[in-house]
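*Asks:* The structure under discussion is supplied below as structure tokens; questions concerning it will follow.
The values are calculated or read from the model by the stated rules, or taken from the named source; none is laboratory data. Keep in mind the model is a prediction, meaning the values are calculated, not measured. Counting neighbours? That spans all protein chains shown, and the Cβs are built from the backbone with ideal geometry, glycine included.
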Amino acid sequence: MNSREEVTHSKFHRKALQVKEAQSRIIEYAKVLDTEEVPLYQSPGRYLAEPVYAPHPFPAFNRSGMDGYALIAADTEVMNEGDLIWLDIVDNIPCGAVPAVDIRRGTAARIMTGAQVPQGADTVVMLEATESREVDGLLQVGIRKLHKAGRNVTPIGFELREGELVLPAGRMIKAGDIAVLAAFGIPFVKVIRRPKVGIFATGTELLEVHEPLVPGKIRNSNSPMLEALVRESGGDPVMLGAIVDDIELARSKVQMALESYDLVITTGGVSVGDYDIMGDLIRENSGDMLFNKVTMRPGSVTTAAVRGGTLLLALSGNPGACFVGFHLFARPVILQMQGAVQPFLPEWTAVLGAEYSKVNNYTRFVRSRLEIHEGRLYAYPVSIDESSVMVTIKDSDCLIVVPPEERGLSAGDSVKVLKLPGEIRGLESMAGS
Ligand SMILES: Nc1nc2c(c(=O)[nH]1)N[C@H]1C(S)=C(S)[C@@H](COP(=O)(O)OP(=O)(O)OC[C@H]3O[C@@H](n4cnc5c(N)ncnc54)[C@H](O)[C@@H]3O)O[C@H]1N2
Ligand code: MOO
């Protein structure tokens, strides 16, 4: 066999890996990146680099849950129905103040919601359940009903005890986490640095977004889509444009990108056509190749290599395949590099909303809409889900996983779905219905 035949031969005879096997081959090279400190307000969406333990109990003092009077519950025990018990008011405690006097039998303190309950008091009686009077210049509060100890008092450490784990490392920071960090006086948060992801497209047919359409050409929609997906995954996308189908150009672009970024994603040119330069380029150094075929549709031609320790993910040019390939391979790498606890798409179970008859000998990942009817989750395959189709990507909430052996699926079947990130768009169609 001469070398040209060898190239052709290896182009056509690819060893296909199962998706899980392909995922575990690449995830091995997705090393958690170094840490950095960011201001609290910039931390949403970032991943915590280290666990947060409560530095003090929360609340840090016994807290009043009502505006009213702090007193000793036992003082209200001796009451007959309808009688008023009169207690001397010895203090007035606004929020933020430290009580000046301890409460002893026969006394009470006026207190506001959120203020520190004074020593000795074990209950707070709400203002509406009290009366007040002045006797010889002394203010007194009258209590009509029997009150139990502990009412309207949130004890110290009720939410968190000192030293308790509040936020584990690898957790993506959201609004509730911000509240915890703020409450514990953490103005700068240690997070994992965002991976820098170089993105470029290959294809002589590609025009930039701003260019007018000309015969035979299409606009490069995959690069901006990948840019958005990388950003959505917490990565820092670096747009390297589109190159024509020229292997020399691709080689130098790949080399530069691998030396400069934490991950390189390309789209297009991985099939067996005469101009599928990314496939050829990766095969040149087959020792570095992790795989160049996966038993999935769309995206069977998804290719991965590792060079100088950096991953190169060559996704298909077909928009549907590029989208699915990103979620199955690129997103987990980007998340893992940020130390995410669960880098893969979550697996849910749904009811299939409509018949799906397409099958082949590869696992299908069918772009689908999600809806909830009477408390049950339904997945509806999008109207057209071919690998080459772009327009239905926007309607996808999940990917239904259709195993290769199935004879086609019927409406009502239980199906495994991979939930895509973000809100469920399918629910928008139900708004107002
Ligand atoms: N003889 C064979 N032909 C094909 C095979 C095969 O096994 N044997 N595989 C098919 C499958 S499956 C897929 S998927 C595609 C994969 O093709 P490539 O990944 O090499 O992608 P291209 O050929 O470069 O482009 C495919 C398609 O997508 C359009 N495209 C490309 N880049 C972009 C972009 N940045 N934005 C929008 N659209 C893009 C391109 O114009 C083509 O229409 O190969 C099958 N063929
Ligand atoms: O790689 Mo293709 O997208 O399987 O159809």
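*Asks:* Can you tell me which residue is modelled with the highest pLDDT among those in segment 377-399 that are surrounded by fewer than 16 Cβ atoms within 10 Å (Cβ to Cβ) and of a type in the set (Gly, Ala, Ser)?
*Replies:* SER388
*Asks:* Of all the residues that make up segment 10-64, how many are hydrophobic (A, V, I, L, M, F, W, C), in contact with a Ser or Thr (Cβ under 9 Å, 6 or more places away or on another chain) and either within 29 Å of GLY96 (Cβ to Cβ) or not assigned by TED's automatic domain parsing to the domain that holds VAL166 (or both)?
*Replies:* So the first thing to find is which residues in segment 10-64 are hydrophobic (A, V, I, L, M, F, W, C), and the list is 12, 16-17, 19, 22, 26-27, 30, 32-33, 38, 40, 48-49, 52, 54, 58, 60-61.
Restricting the remaining residues to those that are in contact with a Ser or Thr (Cβ under 9 Å, 6 or more places away or on another chain) gives 16-17, 19, 22, 49.
Checking which are either within 29 Å of GLY96 (Cβ to Cβ) or not assigned by TED's automatic domain parsing to the domain that holds VAL166 (or both) leaves us with 16-17, 19, 22.
Residues flagged as hydrophobic (A, V, I, L, M, F, W, C), in contact with a Ser or Thr (Cβ under 9 Å, 6 or more places away or on another chain) and either within 29 Å of GLY96 (Cβ to Cβ) or not assigned by TED's automatic domain parsing to the domain that holds VAL166 (or both) within segment 10-64 amount to 4.
*Asks:* Now for a different question. If we scan segment 323-330, do we find a residue that is outside the structural domain of SER24 (by TED's automatic domain parsing), at pLDDT 95 or above and either within 13 Å of ligand 1 (Cβ to nearest atom) or closer than 25 Å to ALA201 by Cβ (or both)? Full working, then the answer.
*Replies:* Here is the first cut: in segment 323-330, the ones outside the structural domain of SER24 (by TED's automatic domain parsing) are none.
The answer is no; no qualifying residue exists.
*Asks:* Can you confirm whether ASP276 is more than 13 Å from ligand 2 (Cβ to nearest atom) and farther than 15 Å from LEU17 by Cβ?
*Replies:* On the way: more than 13 Å from ligand 2 (Cβ to nearest atom): no; farther than 15 Å from LEU17 by Cβ: yes.
The answer is no for ASP276.
*Asks:* Here are some conditions: (1) surrounded by fewer than 24 Cβ atoms within 10 Å (Cβ to Cβ); (2) within 12 Å of ligand 1 (Cβ to nearest atom). GLU347 meets all but one. Which one does it not meet?
*Replies:* Exception for GLU347: condition (2).
*Asks:* Starting from segment 102-114, keep only residues that are under 16 Å from ALA74 (Cα atoms), then list their pairs with residues that are surrounded by fewer than 16 Cβ atoms within 10 Å (Cβ to Cβ) whose Cβ atoms are within a distance under 6 Å, requiring at least 6 positions of separation or different chains.
*Replies:* ASP102/GLN119; THR107/ASP88
*Asks:* Kindly provide the set of residues from segment 227-252 that are in contact with a Pro (Cβ under 9 Å, 6 or more places away or on another chain), in contact (Cβ under 8 Å) with a residue 12 or more places away in the chain and within 14 Å of ligand 1 (Cβ to nearest atom), ordered by number.
*Replies:* Taking segment 227-252 first, the residues in contact with a Pro (Cβ under 9 Å, 6 or more places away or on another chain) are 227-236, 239.
So of that shortlist, the ones also in contact (Cβ under 8 Å) with a residue 12 or more places away in the chain come out as 227, 229-230, 232-236, 239.
Listed by number, the residues that qualify are GLU227, LEU229, MET239.
*Asks:* Say we look at segment 138-152 and pick out the residues that are under 52 Å from the mean Cα position of the chain (by Cα) and basic (Lys, Arg); which of these is surrounded by the fewest Cβ atoms within 10 Å (Cβ to Cβ)?
*Replies:* Across segment 138-152, the extreme among qualifying residues is LYS148.
*Asks:* Sort out which residues of segment 157-197 are at positive phi and either β-branched (Val, Ile, Thr) or in contact with a helix residue (DSSP H, G or I) (Cβ under 8 Å, 6 or more places away or on another chain) (or both), and write them in order of number.
*Replies:* Those that are at positive phi and either β-branched (Val, Ile, Thr) or in contact with a helix residue (DSSP H, G or I) (Cβ under 8 Å, 6 or more places away or on another chain) (or both): none in segment 157-197.
*Asks:* Filter segment 22-37 for residues that are hydrophobic (A, V, I, L, M, F, W, C) and more than 16 Å from GLY170 (Cβ to Cβ) and give the result. Walk me through how you get there before you give the answer.
*Replies:* Going residue by residue through segment 22-37, those that are hydrophobic (A, V, I, L, M, F, W, C) are 22, 26-27, 30, 32-33.
Within segment 22-37, ALA22, ILE26 meet the criteria.
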